[in-house]
1. What are the residue pairs meeting all of these: first residue in region B:289-304, first residue crowded, with 18+ Cβ neighbours inside 10 Å, second residue among the hydroxyl-bearing types (Ser, Thr, Tyr), Cβ atoms under 6 Å, and 6 or more apart or on different chains?
2. Please work out which one of (1) in contact with a His (Cβ under 8 Å, 6 or more places away or on another chain); (2) farther than 18 Å from residue B:104 by Cα; (3) modelled with pLDDT of 90 or more is the condition residue B:213 fails and give its number.
3. Kindly list, by first and then second residue, each pair from a residue in region A:47-66 that is closer than 13 Å to residue A:170 by Cα and among the β-branched types (Val, Ile, Thr) to a residue that is open to solvent by 20 Å² or more (accessible area, probe 1.4 Å) and in a strand (DSSP E or B), limited to pairs with Cβ atoms under 8 Å and residues at least 6 apart or on different chains.
4. Can you confirm whether region A:158-172 contains a residue that is out of contact with any Cys (no Cβ under 7 Å at 6 or more places or on another chain), surrounded by 17 or more Cβ atoms within 10 Å (Cβ to Cβ) and free of Cβ contacts under 8 Å to residues at least 40 places away in the same chain?
5. What are the residues in region A:128-148 that are open to solvent by 10 Å² or more (accessible area, probe 1.4 Å) and either within 24 Å of residue A:37 (Cα to Cα) or of a type in the set (S, T, N, Q) (or both), if any?
6. Does any residue in region B:326-351 that is of a type in the set (Asp, Glu) come within less than 7 Å, Cβ to Cβ, of a residue that is assigned to a helix (DSSP H, G or I) six or more places away or on a different chain, and which pairs are these?
7. Which is of a type outside the set (A, V, I, L, M), surrounded by fewer than 17 Cβ atoms within 10 Å (Cβ to Cβ) and either touching a helix residue (DSSP H, G or I) at 6+ places or on another chain (Cβ under 9 Å) or assigned to a helix (DSSP H, G or I) (or both), of B:347, B:386, B:359?
8. Output the number of residues of region A:110-127 satisfying the condition of being within 7 Å of chain B (Cβ to nearest Cβ) and buried (at least 18 other Cβ atoms within 10 Å of the Cβ).
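The values are calculated or read from the model by the stated rules, or taken from the named source; none is laboratory data. These numbers come from a predicted model, not from an experiment. All Cβ positions, glycine included, derive from the backbone under ideal geometry; neighbour counts span all protein chains shown. These accessible areas exclude ligands, DNA and RNA; they are computed on the full protein's heavy atoms, side chains included. Shrake-Rupley method; radii C 1.70, N 1.55, O 1.52, S 1.80 Å.
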Amino acid sequence: MMKRCLGMFLAANLLLTGCVGYTLVKGGQKLELGQGLSVKPPRDWNRRTDGKHKVWTLDGPRLQYILFVKGIEDGGRIFSAKASRRGASGKDTLPKFRKGMNLLEVGELFVASLARRGAQKIITAGFAPAEFGGKDGFRFTFTYRTMAGLNMRGIAAGALLGDKLFMVIYNGTEEFFFDRSKGDFEKILASLTFGPGS
Amino acid sequence: MNNTSALVSCLAAVLLTAACAADDLGFYKKGLNQGQGGATAGMDGGDASAYRMADLAPSHKPDAKSDEAGIWLQVENVERRVKTAGNRMRLAPLNAYIEKVTCRVTGTYCKDIRVYAMRAPGFNAAMYPNGMMHIRSGLLLRVENEAQLAAVIAHEAGHYLRQHSLKKMRDVREKTNSLLFFQIALAGAGVPVVGDIAMLATLAVLSAFSRNMEREADGYGLLLLNRAGYDPGEAWKVWQYLVKEKNADKDAETPSFFMATHPQSKERLDILRDLAAKMRTPGAADKGRERLAKVVLPIRAGLIRDELHLRNFGPFEFLMDELVERGDNLAELYFFKGEMHRLRNKKDDGPKSLEFYAKARKAMGTPPPEIHRSIGLVHQKLGHAKDARAAFKAYLAGNPNAGDRAMIKYFIGKLGP
């Protein structure tokens with residue numbers, strides 16, 4: 001009974017975790033991301049939905065990805081529940097965004113979230129005000145080491161608009177992949193706009 | 001049966017399995033009676049003591065044709081991954097210190113046991129059949145002295161010497177495929193797992209050491225501790241602390257393999273305490289508080305921050321209060337109590353955080369340099385523009401290369417002249 005039960009439990013988990021499908025994002029075309037956000041990537045990317053967020057990648061998310069965090073509200077999380085480490089009850093234990101956080105606290109939330117996902121030696125730098133889709137926002141760079149011992153590098157940009165947090169996070173291996181798509185990411189970020197009324 | 005009901009049935013089965021292992025307190029008592037021979041009781045392996053250690057000879061290697069050799073091969077794969085893991089602590093003084101303590105308690109088995117300190121919050125230690133042991137950095141933060149650290153190492157070494165680790169891994173291998181085996185073996189070290197941690201924790205419980213194995217390891221731990229001249233009366237305090245911290249966790253959301261696989265009971269604590277009192281030999285009184293502090297205090301702030309990242313404020317507050325009781329670098333501890341209130345940000349947390357930051361600045365020791373940034377953030381939130389500005393300026397003056405310098409200057413500008 002126990003073994004059969006365990007088999008079903010594992011099968012259920014595999015079913016729940018195994019459904020990851022990618023769709024193509026066509027380069028050169030304006031794309032609505034939802035919540036009034038749109039971008040125009042200069043080249044094709046692969047896109048998948050990760051919880052409430054969209055993740056784009058060229059070579060696989062472990063090598064590089066762009067994460068679009070589209071207006072999370074009080075209690076929401078920067079990284080999706082599916083990708084996170086979970087607590088004993090199976091609930092998501094990543095720290096939550098809270099209404100009233102300021103930009104520096106968003107930076108702290110980001111660092112704590114990365115740490116909860118197993119990142120080591122996280123260093124943020126160049127945290128500064130920056131325009132984000134034509135709005136007042138922020139930008140910083142970060143580095144960390146994965147649990148598997150891989151050095152990663154990234155750029156986070158975002159804004160707080162009406163108690164909602166918007167972010168675009170670019171993340172890639174320090175060796176090769178970060179540099180290779182950084183220019184592409186900068187063009188995507190520069191193309192980002194909020195629709196009327198946002 | 002849909003997925004949810006399958007899951008519920010499986011969890012229920014797991015709980016039943018755990019609950020059916022009734023306490024057999026007589027086991028301890030038997031070991032206690034037979035272990036009264038003093039510091040060397042049971043160590044020579046010649047008698048039938050409950051704590052005999054004849055299962056493994058020093059420098060043990062499995063027979064190449066045995067299933068044990070196969071399990072060693074799989075665990076050696078895990079060990080290769082652990083060696084290069086991003087969270088393996090590579091601080092030479094720390095590793096040399098842990099090796100010294102390990103050798104002191106394990107004696108002739110010293111070369112067979114390799115301890116890896118892994119950076120991860122929470123209390124955990126794990127033992128593998130090939131002699132690999134993991135200690136999480138959260139454990140280093142919690143033990144009060146070297147004797148308590150030695151107690152955990154000795155307990156885990158007991159699992160190795162009695163080949164419990166081999167039996168457990170054999171069990172895991174029977175219940176899972178090789179990928180899951182690999183992940184479960186890694187999870188103890190806080191090294192990444194691809195799947196769902198709750199599922200792995202469930203499997204870990206299924207394959208946990210039996211309660212009698214835990215009792216045996218407790219007994220061995222005490223014997224090894226006593227033989228090495230450490231105070232065996234420190235061992236039960238480790239478990240007592242863990243029980244109290246767990247009780248402070250209102251949400252019980254923190255994954256803890258150690259608590260899941262090491263059942264606690266008041267009886268167990270009482271027996272460990274009695275056993276220690278009875279077996280203690282003259283001279284077994286070393287606690288080594290300063291030796292541990294010398295290694296841990298320089299890295300303690302980072303370890304506390306790891307705990308804070310969990311945002312699990314109940315156990316965090318309990319841990320901070322315990323550390324305050326111990327009294328080392330109070331300025332650092334009050335700062336982190338302030339951080340806890342600032343990050344929790346419930347009613348009255350703002351003023352409370354300011355109280356702790358003020359205490360930190362007056363207390364013995366040195367608060368982390370970012371204290372002024374934190375003070376500024378709280379004042380800003382409370383609408384104290386003048387105080388916020390002054391704190392941010394103090395932060396920039398003390399941290400000219402701060403990574404958030406531009407943002408802090410922007411905040412100062414927004415706060416007005």
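1. Pairs found: B:295/B:97; B:303/B:137.
2. (3)
3. A:55/A:47; A:55/A:48; A:55/A:49; A:55/A:65; A:57/A:46; A:57/A:48; A:57/A:65
4. Taking region A:158-172 and keeping what is out of contact with any Cys (no Cβ under 7 Å at 6 or more places or on another chain), we get A:158-172.
Next cut, surrounded by 17 or more Cβ atoms within 10 Å (Cβ to Cβ) only: A:158-161, A:164-172.
With the extra rule that they be free of Cβ contacts under 8 Å to residues at least 40 places away in the same chain, the set shrinks to A:159.
Yes, region A:158-172 contains a residue that is out of contact with any Cys (no Cβ under 7 Å at 6 or more places or on another chain), surrounded by 17 or more Cβ atoms within 10 Å (Cβ to Cβ) and free of Cβ contacts under 8 Å to residues at least 40 places away in the same chain.
5. Narrowing region A:128-148 to residues open to solvent by 10 Å² or more (accessible area, probe 1.4 Å): A:128-131, A:133-136, A:139, A:141, A:143-148.
Listed by number, the residues that qualify are A:128, A:129, A:130, A:131, A:133, A:134, A:135, A:136, A:139, A:141, A:143, A:146.
6. From region B:326-351, the pairs are B:328/B:293; B:328/B:297; B:332/B:300; B:332/B:301; B:339/B:308; B:339/B:374; B:349/B:341; B:349/B:342.
7. Values: B:347 fails: either touching a helix residue (DSSP H, G or I) at 6+ places or on another chain (Cβ under 9 Å) or assigned to a helix (DSSP H, G or I) (or both); B:359 fails: surrounded by fewer than 17 Cβ atoms within 10 Å (Cβ to Cβ).
Checking each option against the conditions leaves just B:386.
8. Residues meeting the conditions: 7.
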